[in-house]
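The values are calculated or read from the model by the stated rules, or taken from the named source; none is laboratory data. Note that the structure is a prediction, hence the values are computed from the model and not measured. Cβ sites come from the backbone with ideal geometry, for glycine too, and all protein chains shown count toward neighbours. Please note that ligands, DNA and RNA were not included when accessible areas were found on the heavy atoms of the full protein model with its side chains. Shrake-Rupley method; radii C 1.70, N 1.55, O 1.52, S 1.80 Å.
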Amino acid sequence: MAGYRGGSSVSASTGGGGSAVAAAFSTRLLLLLTLLPLALAAFAFALQWRGGMRDPAGAAWPADAQRFPGMENSPLSSSHGGAGSYFAVSSSSSSPGADCAEILGRSAASSNGISLYRGWSFDSESAITPKICITGSTSASLHQILPWLYYHKVIGVSHFFLFVEGEAAKPAVTSVLESIRGVKIIYRTKELKEKQEKSRIWNETWLAGFFYKPCNYELFVKQSLNMEMAIIMARDAGMDWIIHLDTDELIHPAGAREYSLRRLLLDVPDNVDMVIFPNYESSIERDDIKDPFTEVSMFKKNYDHLPKDTYFGLYKEATRGNPNYFLTYGNGKSAARVQEHLRPNGAHRWHNYMKSPNEIKLEEAAILHYTYTKFSDLTSRRDRCGCKPTKEDVKRCFILEFDRLAFIIASTATEEEMRNWYKEHVVWTDRDTNLKLLRKSVLTRIYAPMAIIRGLKESGVFTNAVTSAEAQSKTKSSNMGLGNKDPIQPNGTAGQSTLEGSHGKLQATVRKILEMVDTQEEAAMPPMSPPGFLELTESVTAFS
């Protein structure tokens, strides 16, 4: 027994020693595994703290742009831009989705004095490719033109050929616009009208059906004549692309590798002459919109960007009792490659005297059309058109049916009746319907333009443009009203002399060209509504 116990004792003693060694080893191993990641983390932190590790994303931004809009944790601010600022950002918190829009649109300037746009050089003309210009005819105020202009500068437009009249032609507006590099102002003077009445397209047949009619028809003719002039200006300025755009329209370059119109057009194949942008139409959710570019985020998609079954299946809900799917036009706008023999084909398309342009239609990019976004748009259309408010007479003034109805309402109804009509036909107040159409992608939310324009406002870009022009007018008061000294002057002498010289050559060869091209001139493409049930029925019948 003693021997047994003794052996057991030795064995137990030996086994206990082995267990102790194993336990000690395990403890040290666990300690090592614990300390190693901590040591690596501490080492990495020390390197980053001392600046040894560089953040490539952070390095791409200027030193004063440390945060994206909305990254800070401060609560949403109800006011922006400073009290009394002419371009102060208005709050849109009462609209659906406003919180998201507010975060996207609000820059760090509202809390930390930091701006993503402060210090940007909008005048830089380094080797940019392609060179893009926009031409437009406008009577809008500076409050509308400046955001429109600088937004397009941000996405890659370098030159603007603006034909101004009305409010836009006032010295307080033109003095600011003419101080911005790349902006050329052309006034609608008597001399300009006389020159345009001798232009090539005035004497051709494709535009003749729109002559000598008031209001929208007259505007359509003026736009086409102005586009003809702008082509020559674009060619002389070395532009690669030209786009005709109104100041209530923004280009939305979706589908590009970056949010850039320049990038979008750079990727267009060389054999393409014209790029068509389908238009989306604003769908406002309140009747008190003051600043559409920063308050409207919901848009109705174009027929070209929807499946046919979705478009026609939800046509009645999307139309809401109005004459057409869109309130106004639905055939988009286009960009043309600047080349020989280019001519306008109405305000929405371009053409070429020597060939049929090779065109493509973009699948994602669009023109955002902010139409009837303000209640005052009803009366403004009424005030500038001298037609009688009858169903027959309004056909002389307006091409599209909704414009005709709106004119009659604005001319015959009381203020309260107009407001009720506006809410029923223009404002999207039924949230259930909105949600359904958003889920079906008939409606869509687009925040990028809102974010860019809010950022520009908060950065003081627009205010700086105004104050800079005022400072220049004080130091050069003798030049006030004479415009800048670039080729286009208010009296049109330089720019129009170029047109006049080219016009002589064109007239000398026009018959020869028409003999060479064995085609008949088609009528200009007017603003057109999207397809409706009638068109669908006709196409089905024709197919059968």
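Structure summary
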item	result
Check on residue 257, on the phi < 0 side of the Ramachandran plot, within 16 Å of the chain's Cα centre (by Cα) and basic (Lys, Arg)	no
Unmet criterion (only one of (1) under 20 Å from the mean Cα position of the chain (by Cα); (2) under 21 Å from residue 339 (Cα atoms)) for residue 232	(1)
Wholly within the range 145-260, helices (runs of 4 or more DSSP H) carrying at least 3 residues that are open to solvent by 20 Å² or more (accessible area, probe 1.4 Å) and closer than 25 Å to residue 383 by Cα	216-236
Of residues in the range 453-493 being surrounded by fewer than 17 Cβ atoms within 10 Å (Cβ to Cβ) and basic (Lys, Arg), the one modelled with the lowest pLDDT	485
Test: residue in the range 153-168 that is acidic (Asp, Glu), modelled with pLDDT under 95 and over 24 Å from residue 346 (Cβ atoms)	no
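Residues are listed down the side, and each one gets a yes or a no for (1) out of contact with any Asp or Glu (no Cβ under 9 Å at 6 or more places or on another chain); (2) over 30 Å from residue 209 (Cα atoms); (3) open to solvent by 30 Å² or more (accessible area, probe 1.4 Å):
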site: 371; (1), (2), (3): no, no, no
site: 386; (1), (2), (3): yes, no, yes
site: 389; (1), (2), (3): yes, no, yes
site: 400; (1), (2), (3): yes, no, no
site: 403; (1), (2), (3): yes, no, no
